Amino acid sequence: MRILIVNNGNEFDQRLSQILKVNGYASDTALDVENGIEMALTKIYDVIIIEETTSVNLQGEPSMLEVIRANKLDTPILILVANNAPKERADALDAGADDCLSRPFSEEEFAARIRALTRRKNKELVDSVIVIKGLTLDLLRREIRNGNTVYRLSNKEALILELLMRNYGNVVTKETIYFKVWGLNSETSIANVDLFIHYLRKKLGSHLIKTIRNTGYLLQPV
């Protein structure tokens with residue numbers, strides 16, 4: 001799972017990233033509201049964590065939280081607020097936050113809040129088996145059935161195919177695939193997307209995944 005942290009890049013942000021890593025989560029960081037909004041709306045995240053001091057724009061403009069919800073993005077959002085700040089907590093919840101956590105907090109409580117939010121999201125997801133015409137993807141077993149043939153998938157192959165199948169009929173950009181599967185801070189090349197698409201085509205047939213030039217990929221089962 002991948003989590004977006006919207007913070008000002010201080011040591012506190014590094015602490016959050018480390019706690020998430022220890023608990024098995026990958027994370028990306030946005031250093032300001034504008035960057036955070038862009039990342040939240042163009043990438044795919046399982047949870048968004050927003051530092052309260054970076055969540056509000058100046059001059060009466062909508063907050064980051066309000067912009068995200070106005071764009072119909074239902075990703076779970078955790079707001080971090082100062083201790084003894086009931087008004088900020090109430091405002092955040094009214095604006096669409098799923099949870100608030102007051103600083104200072106323990107690593108155990110922070111990790112528990114994240115687990116609760118991811119469980120909540122998982123309950124809202126469709127079943128772990130995705131069926132698109134002749135293709136059946138089992139996410140738990142990491143298997144894809146094409147007709148009567150079953151292929152085992154690597155973790156990255158399964159993640160890429162899940163993106164394509166959940167967006168069936170729509171083009172998924174190469175950047176979206178890269179950020180979801182490898183992460184914003186990955187040191188690997190975005191060319192890995194092409195490589196893993198090649199692996200999938202070898203298993204499923206080159207006709208199933210269409211390249212949209214200079215854009216991305218489109219799943220088109222026959």
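Summary of computed values
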quantity: Filter on Lys43/Lys210; Lys133/Lys174; Lys21/Lys133 - keep pairs with C-alpha separation over 30 Å; calculated: Lys21/Lys133
quantity: Difference of contour (0.36 nm per residue) and Cα-Cα distance, Val150 to Asp74; calculated: 24.0 nm
quantity: Crossing angle, helix 107-124 versus the chain [Cα axis fit, 0-90 degrees, rounded to tens]; calculated: 50
quantity: Angle between the chain longest axis and helix 86-95 axis [Cα atoms, degrees, rounded to 10]; calculated: 30
quantity: Length-normalised contact order of segment 87-222 in % [C-alpha pairs under 8 Å, at least 6 apart]; calculated: 18
quantity: Karplus (6.51, -1.76, 1.60) ³J(HN,Hα), θ = phi - 60°, over segment 37-47, in Hz, Gly and Pro reported as x; calculated: 5, 4, 5, 5, 8, 10, 10, 10, 10, 8, 8
quantity: Peptides ranked, highest mean first, by Cβ atoms within 10 Å: ranges 39-50, 100-111; calculated: 39-50, 100-111
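Values in this text are rule-based calculations from the coordinates and carry no lab data. Keep in mind that what you see is a predicted model, and the values were worked out from it rather than measured. Quick reminder, even Gly has a Cβ in these numbers, built from the backbone with ideal geometry, and neighbours come from all protein chains shown.
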